[in-house]
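Worksheet for the structure shown next.
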Amino acid sequence: MHLGLSADEVLTTTRAVRKRLDFERPVEREVIMDCLEIALQAPTGSNRQGWQWVFVTDPDKKKALRDIYAERFDAYRNMPRPTYDDGDVRGERAEKVVDSASYLSEHFHEAPVLMIPCLEGKPGDGVAGSAGYWGSLLPAVWSFMLALRERGIGSAWTTLHLPNGGDEQAAEILGIPHDKYSQAGLFPIAYTQGTDFKLAKRLPAEEVSHWDEW
């Protein structure tokens, strides 16, 4: 199934989907592989294509990954939150974001498929090294999510399973060679309950753009 969205519609309505994931409907393997074929057309540094994609459907392994995520999410949820001025759209959405993230933490394992994208090697030293490294994978991951959206499937980019040795635990569960590959996140994949996603409230472009100088 394709929704027939324009490029602009796909780009502006691909949301981090949590509460509207349909945990009852299976996601076909061939659909995921079609989306991956699209994602693999994304640019990658020096054309190395050092990415590997791990898809998890085994119930026990999904629960084990959920447990790793949930333990770290509980610590994250109790951390001090950023504060915003009155009228700031980020502050207006904060409670809903926390609520939906809590829901996903509890139900992560119910998603038909979980995905962990990996990249060969480890991030380089400093900001520039890290940016150059992850820049060879993140465009492909976003392309994958856009392709899912056009097919009525949702996901959410999460990284909370990674800290405090969580990435090593996940690697052991899935057989990922931890010494050779880095994980970029943990993604639930499921058809969405309805497909009518709208533009999110964001800061105006005028407030975050600079021309010729800061």
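The values are calculated or read from the model by the stated rules, or taken from the named source; none is laboratory data. Here the structure is a predicted model, which is why all the values come from computation and not from measurement. Glycine also receives a Cβ, built like all others from the backbone with ideal geometry; neighbour counts cover every protein chain displayed. Surface areas here come from the heavy atoms of the whole protein model, side chains and all, with no ligands, DNA or RNA. Shrake-Rupley method; radii C 1.70, N 1.55, O 1.52, S 1.80 Å.
Figures for the structure shown
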{"quantity": "Single unsatisfied condition, Tyr84 versus (1) without any contact (Cβ under 8 Å) to a residue 12 or more places away in the chain; (2) open to solvent by 70 Å² or more (accessible area, probe 1.4 Å); (3) within 22 Å of Phe144 (Cα to Cα)", "calculated": "(3)"}
{"quantity": "Any pair with Cβ under 8 angstrom, 6 or more apart, that starts in region 60-78 at a residue that is of a type in the set (Ser, Thr, Tyr) and ends at one that is open to solvent by less than 90 Å² (accessible area, probe 1.4 Å)", "calculated": "Tyr69/Ser105; Tyr69/Phe108; Tyr69/Thr158; Tyr69/Leu160; Tyr69/His161; Tyr69/Gly166; Tyr69/Leu186; Tyr76/Leu160"}
{"quantity": "Residue check, Val56 touching a residue at least 40 places away in the same chain (Cβ under 8 Å) and open to solvent by 20 Å² or more (accessible area, probe 1.4 Å)", "calculated": "no"}
{"quantity": "For Phe73: the one exception among (1) at pLDDT 95 or above; (2) under 26 Å from Val97 (Cα atoms); (3) surrounded by 14 or more Cβ atoms within 10 Å (Cβ to Cβ); (4) of a type outside the set (Lys, Arg)", "calculated": "(1)"}
{"quantity": "Test: Ala111 is at pLDDT 95 or above, open to solvent by less than 70 Å² (accessible area, probe 1.4 Å) and aliphatic (A, V, I, L, M)", "calculated": "yes"}
{"quantity": "Some residue of region 116-127 being open to solvent by less than 20 Å² (accessible area, probe 1.4 Å) and within 29 Å of Asn78 (Cβ to Cβ)", "calculated": "yes"}
{"quantity": "Subset tally (residues that are under 19 Å from His109 (Cα atoms) and either open to solvent by 60 Å² or more (accessible area, probe 1.4 Å) or of a type in the set (Phe, Trp, Tyr) (or both)) for region 176-214", "calculated": "3"}
{"quantity": "Filter result (modelled with pLDDT of 95 or more and either of a type in the set (Ser, Thr, Tyr) or in contact with a strand residue (DSSP E or B) (Cβ under 6 Å, 6 or more places away or on another chain) (or both)) within region 45-64", "calculated": "Gly50, Trp51, Gln52, Trp53, Val54, Phe55, Val56, Thr57, Lys62"}
{"quantity": "Complete set of residues in region 118-132 that are in a helix (DSSP H, G or I) and touching a residue at least 24 places away in the same chain (Cβ under 8 Å)", "calculated": "Gly132"}
{"quantity": "Which numbered condition Ser143 misses (of (1) among the small types (Gly, Ala, Ser); (2) within 23 Å of Ser182 (Cα to Cα); (3) at pLDDT 90 or above; (4) surrounded by fewer than 17 Cβ atoms within 10 Å (Cβ to Cβ))", "calculated": "(4)"}
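Yes/no matrix, rows are residues, columns are (1) surrounded by 12 or more Cβ atoms within 10 Å (Cβ to Cβ); (2) without any contact (Cβ under 8 Å) to a residue 24 or more places away in the chain:
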position: Met1; (1), (2): no, no
position: Val10; (1), (2): yes, no
position: Val31; (1), (2): yes, no
position: Leu36; (1), (2): yes, no
position: Asn47; (1), (2): no, yes
position: Glu95; (1), (2): no, yes
position: Tyr103; (1), (2): yes, no
position: His107; (1), (2): yes, no
